[in-house]
Amino acid sequence: MHLSPDRTRGRGYGCHRSGGLLQTASSPVFLIRRTPLAHTPPIHTIYFDFGNVLTLPSNGSLTRFLKGVAETYHLPYLKLREAYEKYRPFYDRDAWDSEKYWKAIFSEVGSTVEPRDIPLLVEEDDKCWSQLNEEILLWIRTLRNRGFHIGLLTNMPLRFYRSIVEPAPWRELFHYQVVSGALGVIKPEEEIFRYAIQLTGKPADRILYLDDIAIHVEAASRLGIRAHQFTDLPDTAQRICPLYDLPRPRV
């Protein structure tokens, strides 16, 4: 696998298939239920969101982190969290770097943060979003081995991608990688989904997309992508595997 030559904003990351399929000797047993919907075109590519889909749920760790920040800096927690979420789109589209993002958060709650404190805030924030769900990675390996193309379609700063995702060995599981910080657009904006479709070279109705956020699912669906809201792996697999003739993980 290799990244497409153009890594500049506005083009994104397009990964092309490597020669072999990734396999593990310890892969779990999977069940197949062959009852796809009538007249449904076969799925070619399955795109996964990153946070809360490929990773374990972040809400608990994020709450603990932000409450710790609020306590350390004597800030109101609820207003801090509102500011964190309010300014995240600027961060995820790479319009703001880490320093500008955290300074804006503190300013919103009537405070300031020293530049020397920001690297630790960034490090702890990254940890909230980077605890991988090993069960879903095993399922993705099985999907690849069955011939499906796999994609990553996510909102994340380019800095996070380069420090957390790019060095990870599991990145090789993904034929395509669509990262908001590389494109300069974020979900649920239409452009990022159109780019994801274009990368596959297939019609939208041959793409399956899993995301935990409803408005992202709705935006993808409007373009014809077969998008479903991800809850957890057992529930999501139970809902979608019979629809699209996917191998079902035994979890």
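In the set R116, R159, only one residue is part of a helix (DSSP H, G or I) and surrounded by 15 or more Cβ atoms within 10 Å (Cβ to Cβ); that residue is R159.
Taking the conditions exactly as written (farther than 19 Å from F90 by Cβ, in contact (Cβ under 8 Å) with a residue 24 or more places away in the chain and either of a type in the set (F, W, Y) or not assigned by TED's automatic domain parsing to the domain that holds L243 (or both)), does F160 satisfy them or not? In short, no.
Of all residues in segment 162-183, those that are surrounded by 18 or more Cβ atoms within 10 Å (Cβ to Cβ) and either assigned to a loop (DSSP other than H, G, I, E, B) or among the polar types (S, T, N, Q) (or both) total 4.
Put simply, of P41, P57, P119 the only residue that is at pLDDT 95 or above and not β-branched (V, I, T) is P119.
Of the helices (runs of 4 or more DSSP H) lying entirely inside segment 66-109, those containing at least 3 residues that are modelled with pLDDT of 95 or more, in contact with a Leu (Cβ under 9 Å, 6 or more places away or on another chain) and not polar (S, T, N, Q) are 77-86, 98-108. Among residues belonging to segment 184-210 that are assigned to a helix (DSSP H, G or I) and among the acidic types (D, E), point out the one that is surrounded by the most Cβ atoms within 10 Å (Cβ to Cβ). Looking at residues that are assigned to a helix (DSSP H, G or I) and among the acidic types (D, E), I get D205.
Can you spot a residue in segment 144-152 that is in contact with a Gly (Cβ under 8 Å, 6 or more places away or on another chain) and surrounded by 16 or more Cβ atoms within 10 Å (Cβ to Cβ)? Scanning segment 144-152, I find no residue that is in contact with a Gly (Cβ under 8 Å, 6 or more places away or on another chain) and surrounded by 16 or more Cβ atoms within 10 Å (Cβ to Cβ), so the answer is no.
The values are calculated or read from the model by the stated rules, or taken from the named source; none is laboratory data. Keep in mind that what you see is a predicted model, and the values were worked out from it rather than measured. Reconstructed Cβ throughout: ideal geometry from the backbone, glycine too, with neighbour counts over all protein chains shown.
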